[in-house]
Amino acid sequence: MTSDLTTVLGGLARLIRPRQWVKNTFVLTPLVFSGQFNVPEQIEHALLAFVLFCVASSATYILNDILDIERDRAHPKKRYTRPLAAGEVTIPQALVAMGVLYAILLAGFLVQPLVTLVILGYLAVNVGYTIALKHEPVIDIFVISSGFVLRVYAGAVALSVPVSPWMFVTTLCLALYLASIKRRQELIQSGAEGRQVLGRYSVPLIDRFAEMAATGALVFYSLFVVTARPELVVSIPFVLYGIYRYWYVVEILESGESPTDALLADKQLIVTVLLWIGTCAWIILKGDLSL
C-alpha cells in the first residue's frame with residue numbers, strides 16, 4: 001500500500017513537471033527591466049504571477065498527457081518517462097490533480113484578476129495546440145513561442161507597467177529559436193515517429209528557422225537596449241554568448257529536445273544567464289539610485 005502510494009505521488013510529481021517551471025521565469029522579466037525588483041510589493045505581485053503560471057503550465061501538461069496517452073504508450077521513450085503512459089498514475093488521478101490546479105487558478109482570479117485573464121488566454125492557446133495546432137507545421141512553432149510572450153505580458157500586467165515593443169519581439173524571436181531547435185532535435189533523435197508533424201519538416205529547413213530567429217533575437221534585443229536602456233549595452237555579449245553556447249550544446253552535445261534540460265545540464269549556460277540577470281539588475285538599480 002505504501003509502495004503504491006509512493007509510486008502515485010512520484011508519478012504525480014513528474015506529471016506536473018516542476019523542472020519545466022524554469023520557463024515561467026519569463027514572467028519576472030518586466031520586474032527586472034522596470035527597475036522595480038527592489039520594491040517589496042511589486043516583487044510579491046510578480047512572484048504570485050509566476051506561481052500562477054507554474055500552476056497553469058502544469059495543468060496544461062496533464063491535459064496534454066491525458067489526450068496523448070495512447071500515442072505516448074507507443075513511443076519508444078515516452079512510454080517509460082510519462083507517468084500516465086507508464087501506468088504510474090491513472091487517468092482519474094490525473095483528472096483530480098488537474099482539477100486542483102484549476103481550482104488554484106480560480107482562487108488566483110480573486111487576487112490577480114487581470115493576470116489570470118492572461119493565463120486563461122494561455123490555457124486556451126494550449127488547448128488548441130494539444131487538440132489540433134501541434135499537427136500543423138510552422139503554426140506549431142509559433143503557438144509554442146506565443147506562450148513565452150504571454151508570460152512576459154502577464155508579468156507586466158502584474159506590475160501595471162508597460163512593456164517595450166522591442167521586448168515583446170525579442171521574446172518572440174528567442175522563443176521561436178528555442179522552439180525550432182526543439183523540433184530539430186526531436187526530428188533527429190526520434191524521426192517522424194516522435195510527433196506527427198515532424199514528418200512535414202526537414203533538418204535544413206528547421207536550421208534556417210532557428211538561424212533567422214536567433215539573429216532576430218540578438219538584433220531586436222540590441223535595439224531594445226539602445227532605445228530603452230542604453231546603459232545595458234554591456235549585457236549584449238552575454239546574450240550573444242548564450243545563443244552561441246546553446247547552439248554548441250545542441251549541435252555537439254546533442255541536447256536541446258528539451259530547452260529546460262539543456263539549460264539545467266550545462267554549467268556555462270546557467271552561469272551566462274545568471275551573469276546577464278545580475279548585470280542587468282545591478283546597472284538598472286544603480287541608475288535608479290543615481291536619479
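Each value in this text was obtained by applying a stated rule to the coordinates, not by laboratory testing. Here the structure is a predicted model, which is why all the values come from computation and not from measurement. Cβ atoms come from the backbone with ideal geometry, glycine included; neighbour counts cover every protein chain shown.
Among the residues of region 70-80, how many are surrounded by fewer than 19 Cβ atoms within 10 Å (Cβ to Cβ), in a helix (DSSP H, G or I) and either in contact with a Lys or Arg (Cβ under 6 Å, 6 or more places away or on another chain) or in contact (Cβ under 8 Å) with a residue 12 or more places away in the chain (or both)?
Adding up the residues that qualify gives 2.
Going residue by residue through region 276-290, is there one that turns out to be within 23 Å of residue 19 (Cβ to Cβ), part of a helix (DSSP H, G or I) and under 20 Å from the mean Cα position of the chain (by Cα)?
Within region 276-290 (the criterion being within 23 Å of residue 19 (Cβ to Cβ), part of a helix (DSSP H, G or I) and under 20 Å from the mean Cα position of the chain (by Cα)), the answer is yes, since at least one residue qualifies.
Out of the residues in region 208-267 that are of a type in the set (A, V, I, L, M, F, W, C) and not in a helix (DSSP H, G or I), state the one that is surrounded by the most Cβ atoms within 10 Å (Cβ to Cβ).
By that ranking, first place goes to 253.
Check every one of the helices (runs of 4 or more DSSP H) wholly within region 83-192 and list those with 3 or more residues that are in contact with a helix residue (DSSP H, G or I) (Cβ under 9 Å, 6 or more places away or on another chain) and among the β-branched types (Val, Ile, Thr).
By residue number, 91-111, 113-131, 139-159, 165-190.
Provide a single number: the residues in region 144-173 that are over 24 Å from residue 109 (Cβ atoms) and among the hydrophobic types (A, V, I, L, M, F, W, C).
Looking only at that region, the number is 7.
Hey, can you tell me all the residues within region 125-150 that are under 12 Å from the mean Cα position of the chain (by Cα) and of a type in the set (Gly, Ala, Ser)?
145, 146, 147
Out of everything in region 162-204 that is of a type in the set (Val, Ile, Thr) and over 15 Å from residue 77 (Cβ atoms), what residue ends up being surrounded by the fewest Cβ atoms within 10 Å (Cβ to Cβ)? Write out each step before concluding.
Restricting attention to region 162-204, the residues satisfying the condition of being of a type in the set (Val, Ile, Thr) are 163, 169-171, 181, 188, 197, 203.
Checking which are over 15 Å from residue 77 (Cβ atoms) leaves us with 163, 169-171, 181, 197, 203.
On the way: 163: 19, 169: 18, 170: 25, 171: 25, 181: 26, 197: 20, 203: 12.
Going through the qualifying residues, I end up with 203.
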